[in-house]
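The values are calculated or read from the model by the stated rules, or taken from the named source; none is laboratory data. Source: prediction; values computed, not measured. We place every Cβ from the backbone using ideal geometry, glycine too, and count neighbours over all the protein chains shown. Calculation scope for accessible area: heavy atoms of the full protein, side chains included, ligands and nucleic acids excluded. Shrake-Rupley method; radii C 1.70, N 1.55, O 1.52, S 1.80 Å.
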Amino acid sequence: MTKTKITHTCQACGAHYPKWAGQCLGCGAWNSLVEEITQIANHPRHQGFSGTTPAITPMQHVTLEAEEARLFSGLKELDRVLGGGLVTGSAVLIGGDPGIGKSTLLLQTLAHLSQHIKVLYVTGEESLQQVTLRARRLGLPENNLLLLTDTNVERIIKCMQKEKPAVIVVDSIQTMHTDLLQSAPGAVGQVRESAAQLVAFAKQTNTALFLVGHVTKEGTLAGPRVLEHMVDCVLYFEGEQDSRYRVIRAVKNRFGAVNELGIFAMTDKGLREVNNPSAIFLSRYESPVAGSVIMATREGSRPLLVEVQALVDQSHMGNPRRVCVGLDTQRLAMLLAVLHRHSGITTYDQDVFVNAVGGVRVTETGADLALLLAVLSSLRNRPIPQDTLIFGEVGLAGEIRPVQGGQERLREAAKHGFKQAIIPHANAPKEKIGEMQIFTVQSLAQAVDYFKSI
Ligand SMILES: [Zn+2]
């Protein structure tokens, strides 16, 4: 026997209250109470020992199931971030700014899947006419695309029980609400409870579920972040809305690599996969430009060539500015300190701006050396040849540390016609890679010496 009861739980300290209040009495946090459903079961804990013992299994007796069945979305880049296709019965959360292309991507995916299996698109934001208009504009097949406009989770689940689709899209989770709670749609409690019911139903019926979630600029409240632990896979749209390209990153994936990137071009026919993603992050100049460096980063399982630009300019402020777009500002400050301490190059009277071209976000430390050499190149107004690849992590002692997958990065660069590379000593390849001349460095001082000789 279980009994459901509504309580208000503080998101900061976990205290429960029967009624909502503006401030938590336990920890003093404001606006932290969220409506939740609690199940009060006749738990054996309250009745003494239940009498059953859980079974222990020796590892050699564990049988492995065959690979999960995968469905293909028709977009290779989406299948890539999903870890090689959509797993049946999995729950995927797709987050991103409003208008960045989440609905377009999923409508395209469903239209493709609808040719083989039963799919359902649930929209709580747009009318059926709006969805149909979009599908027509994108030139998608319409014959098998089932649509439902509703925002009530219980009714949606009833409909799913009757129709039994193999894949369902819920657009968006912020518009959904459940009868169990009284708060308005979009409130954290509603978003979480609605998602929990949909995910549970999808798991029971082996339905693949896509949840669309809007990310609010400021952060977590009512955002999809509260859902991340409920789903198998979390994908986020990155990059600027005015860019022609869209980058999707797998932030969590139970069935594939984390940080895997899918790269798409936004066209009038919807999102198209980009076959040679390295090419779009490189700008080709007529002649080399000071402050521009090409690095090889490895996000997920694929190496990617990215151009890093730096602009160093005399500062007129007491506190010179350090601004990063697509890179980590804290790390830049640390690297500038290393540059000063171990190479005697000062930037305390300079503003430093750094940008990763193409709206891609570089999260790994392998960008360190490229970033510092871009800064140096701008500071000295001396260009680094365009066919030079640079990567490597810089330590606080001024040492250059190796990165993962050095060979793959070099091969990717050789494929794009790069002639030379400055890389960590420990990443030196055993055999020649293409026509590339490779300079290995062990310390920042060596790298700076090499820069001076260019
Ligand atoms: Zn509290």
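Return the subset of 76/415; 76/164; 76/419; 76/158; 432/452 for which the Cα-Cα distance in this structure is over 23 Å, preserving the input order.
Among 76/415; 76/164; 76/419; 76/158; 432/452, the Cα-Cα distance tops 23 Å for 76/164; 76/419; 76/158; 432/452.
Which one of 287, 178, 340 is farthest out on the positive end of the charge dipole of the chain, using unit charges on Cβ (Lys, Arg +1; Asp, Glu -1) and the Cα centre as origin?
Of the listed residues, the answer is 178.
For the range 67-175, state which GluC sites (Glu not before Pro) are in a DSSP loop and have at most 10 other beta carbons lying within 10 Å of their beta carbon.
Qualifying residues, ordered by number: 67.
Tell me the per residue accessible area of the chain using a 1.4 Å probe; a whole number in Å² is fine.
Each residue of the chain exposes 49 Å² on average to a 1.4 Å probe.
Output the relative contact order of the chain, whole-number percent, from Cα pairs under 8 angstrom with separation of 6+ residues.
11
Given a 1.4 Å probe and every protein chain left where it sits, what share in percent of the accessible area of the range 70-273 is carbon and sulfur?
Roughly 53 percent of what the probe reaches on the range 70-273 is carbon or sulfur.
Need one number: % antiparallel among DSSP beta bridges in the chain, to the nearest 5.
Counting only bridges with both partners in the chain, antiparallel ones make up about 55 percent.
Report the label-to-label distance for residue 407 and residue 144 in nanometres (one decimal), using points 7 Å from each Cα along the Cα→Cβ vector.
Each label point lies 7 Å from its Cα, and together they span 4.3 nm.
Quick check: residue separation of residue 17 and residue 62 times 0.36 nm, minus the Cα distance between them. What number comes out in nm?
The residue 17-residue 62 span can extend by a further 11.8 nm.
Could you rank the peptides 265-273, 389-397 by their average count of other C-beta atoms within 10 Å per residue, with the highest value first?
Taking the mean over residues of other Cβ atoms within 10 Å, the ranking is 389-397, 265-273.
Along the positive direction of the dipole of the chain (beta-carbon charges: Lys, Arg +1; Asp, Glu -1; about the Cα centre), which of 369, 96, 442 reaches farthest?
96
Quick one: Cα convex hull volume of the range 234-385, Å³ per residue?
139
Sorted by average packing, counted as other Cβ atoms within 10 angstrom per residue and highest first, what order do 54-64, 332-342 take?
332-342, 54-64
Relative contact order (percent) for the range 172-301, with alpha-carbon contacts under 8 angstrom and 6 or more residues of separation?
Once divided by the residue count of the range 172-301, the mean separation gives 14 percent.
At q = 0.05, 0.09, 0.10, 0.14 Å⁻¹, what base-10 log of I(q)/I(0) does the Debye formula yield for the chain when every alpha carbon is treated as an equal point scatterer in vacuo?
So the normalised log intensities work out to -0.25, -0.75, -0.88, -1.22.
Expressed in nm to one decimal, what extension gain is obtained for the pair residue 133 and residue 52 from 0.36 nm per residue of sequence separation less their Cα-Cα distance?
23.3 nm
Treating the range 410-452 as a set of equal point scatterers at the Cα positions, no solvent, please give the Debye-formula log₁₀ I(q)/I(0) at q = 0.31, 0.33, 0.34 Å⁻¹.
Results for the range 410-452 at q = 0.31, 0.33, 0.34 Å⁻¹ read -1.07, -1.13, -1.17.
Can you compute the modelled spin-label distance between residue 428 and residue 325, with each label point 7 Å from Cα toward Cβ, in nm?
Result for the modelled spin labels: 3.9 nm.
With each label point set 7 Å from Cα along the Cα-Cβ vector, what nm distance links residue 4 and residue 229?
Label at residue 4, label at residue 229, 2.1 nm between them.
Sorted by mean Cβ packing within 10 Å, highest first, what order do the peptides 165-178, 423-436, 402-415, 98-111 take?
Peptide ranking by packing, descending: 165-178, 98-111, 402-415, 423-436.
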